[in-house]
Amino acid sequence: PYSLGRAILDYDARRSAWLAAHPELPARVGRRPRVLVVTGSAPARCPDADGDHLLLRAFKNKADYCRVHGLDVFYNAAFLDAEMSGFWAKLPLLRALMLAHPEVELLWWVDSDAVFTDMAFEPPWERYARHNLVLHGWAAKVFEERSWVGINTGSFLIRNCQWSLDLLDAWAPMGSRGPVRDRYGELFARELSGRPPFEADDQSALVYLLVTQRGRWGDKTFIESTYELNGFWEGIVDRYEEMRRKGRPTGGLGDDRWPFVTHFVGCKPCRRYADSYPADRCRRGMERAFNFADDQILRLYGFEHESFNTTAVQRVGNETGGPLDADDDELGRLLHPTFRAA
Ligand code: UDP
Ligand code: MN
């Protein structure tokens, strides 16, 4: 049967030994675990003329978020494993990064089509201290309804440890390309609620693991719903003006009042034929998410978009000739964030 690589045993002890030998690279940075944001896209250019530009802007958004928060970021555009194509590509990638970066405590997979829309919000890292996997979703939808959308694998945290390597080992064989992936797709369609019959996807496979082997994986999995670690774009993208009018809640809640992440699930700018939503609605929503997020950065430098629907920007406020001091609120403080760890 398919496997991601040679079996790894005793990883936690070996990682601890590595960390002890490398005090200059601690797994904690300041007040939080060391985090590596991981994202990527296919090696080939998009068939759609606009697709690569959208990917560029989506990565620009991640570069902004990571700079502001002092997070490392890795962009993958290679097929590391011929069996793990498409949405499965994240599995061998996460495994390779874990093993190569023992200093990283948490890896944060973020889909290319997920946009950070609250640039100041940071996940409450300490809440997850006892868990190895953090998914956005609802426990009842997973364990009671067995819903394939009870969690989302477009934005999740996974700890660098033996448990996670074991999870990847249990997860990956369901995605091996060809007849195996097709058969698991049929199994998921039968066993999970609301799941249409298409080839096995990594998200359904993870739900399937959680419901069929809850004892093995459930305890260390945190299912988060208090903020939008993964916010579904449809209910968000028409409300950005309203959010700005009402203002960002103090402290930053990351919930639907000013969503942390807006994820364009089902929009496939690089695969026109596979769109589940009208392409122009996806395209317009993405434009608005990028600009809503970008305004939180541009304002620090004295600019903003003329509207969320256009790339055109205008100057806000007058130059004083002195150093810019935008820190009159939490978004303003992003220029020199005090929480920035590294
Ligand atoms: N992806 C990748 N390489 C590929 C195809 C996809 O790294 O060859 C990544 C990319 O970041 C993409 C994610 O896998 O965002 C999941 O796919 P997609 O967002 O299209 O699925 P959806 O969120 O719509 O279910
Ligand atoms: Mn996605």
**Request:** Could you tell me which numbered condition residue 127 fails, if it satisfies all but one of (1) within 13 Å of ligand 1 (Cβ to nearest atom); (2) under 30 Å from residue 256 (Cβ atoms); (3) exposed (fewer than 14 other Cβ atoms within 10 Å of the Cβ)?
**Result:** (1)
**Item:** In segment 222-237, the residues that are more than 16 Å from ligand 1 (Cβ to nearest atom) and in contact (Cβ under 8 Å) with a residue 40 or more places away in the chain
**Value:** 222, 223, 224, 225, 227
**Prompt:** Do the conditions hold for residue 111, that is, is it of a type outside the set (Gly, Ala, Ser), closer than 27 Å to residue 236 by Cα and touching a helix residue (DSSP H, G or I) at 6+ places or on another chain (Cβ under 8 Å)?
**Reply:** no
**Asked** Which condition does residue 110 not pass, out of (1) under 30 Å from residue 196 (Cβ atoms); (2) aliphatic (A, V, I, L, M); (3) over 16 Å from the mean Cα position of the chain (by Cα), if it passes all the others?
**Response** (3)
**Prompt:** Do the conditions hold for residue 328, that is, is it closer than 25 Å to residue 124 by Cα and assigned to a helix (DSSP H, G or I)?
**Reply:** no
**Request:** Give the residues of segment 95-111 that are among the aliphatic types (A, V, I, L, M), in contact (Cβ under 8 Å) with a residue 24 or more places away in the chain and out of contact with any Pro (no Cβ under 8 Å at 6 or more places or on another chain), sorted by residue number.
**Result:** 97, 98, 99, 104, 107, 110
**Prompt:** Does residue 107 fit the bill of being in a strand (DSSP E or B), buried (at least 22 other Cβ atoms within 10 Å of the Cβ) and either within 16 Å of ligand 1 (Cβ to nearest atom) or modelled with pLDDT of 95 or more (or both)?
**Reply:** yes
**Prompt:** Take the residues of segment 182-221 that are within 16 Å of ligand 1 (Cβ to nearest atom) and in contact (Cβ under 8 Å) with a residue 60 or more places away in the chain: which is farthest from residue 83 (Cα to Cα)?
**Reply:** 207
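To keep it simple, each residue is scored yes or no on (1) buried (at least 21 other Cβ atoms within 10 Å of the Cβ); (2) more than 30 Å from residue 159 (Cβ to Cβ); (3) touching a residue at least 12 places away in the same chain (Cβ under 8 Å).
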| residue | (1), (2), (3) |
| --- | --- |
| 246 | no, yes, no |
| 250 | no, yes, yes |
| 258 | yes, no, yes |
| 262 | yes, no, yes |
| 285 | yes, yes, yes |
| 289 | yes, no, yes |
| 296 | yes, no, yes |
**Asked** So which residues in segment 318-342 are surrounded by 11 or more Cβ atoms within 10 Å (Cβ to Cβ) and at pLDDT 80 or above, if there are any at all?
**Response** 329, 330, 331, 332, 333, 334, 335, 336, 337
**Request:** Please give the helices (runs of 4 or more DSSP H) falling wholly within segment 141-244 in which 2 or more residues are among the aromatic types (Phe, Trp, Tyr).
**Result:** 162-171, 179-191
**Message:** Please pick out the residue among 212, 221, 226, 262 that is within 16 Å of ligand 2 (Cβ to nearest atom) and not aliphatic (A, V, I, L, M).
**Reply:** 262
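The values are calculated or read from the model by the stated rules, or taken from the named source; none is laboratory data. Computed from a prediction, not measured in an experiment: that's the story for all the values here. We place every Cβ from the backbone using ideal geometry, glycine too, and count neighbours over all the protein chains shown.
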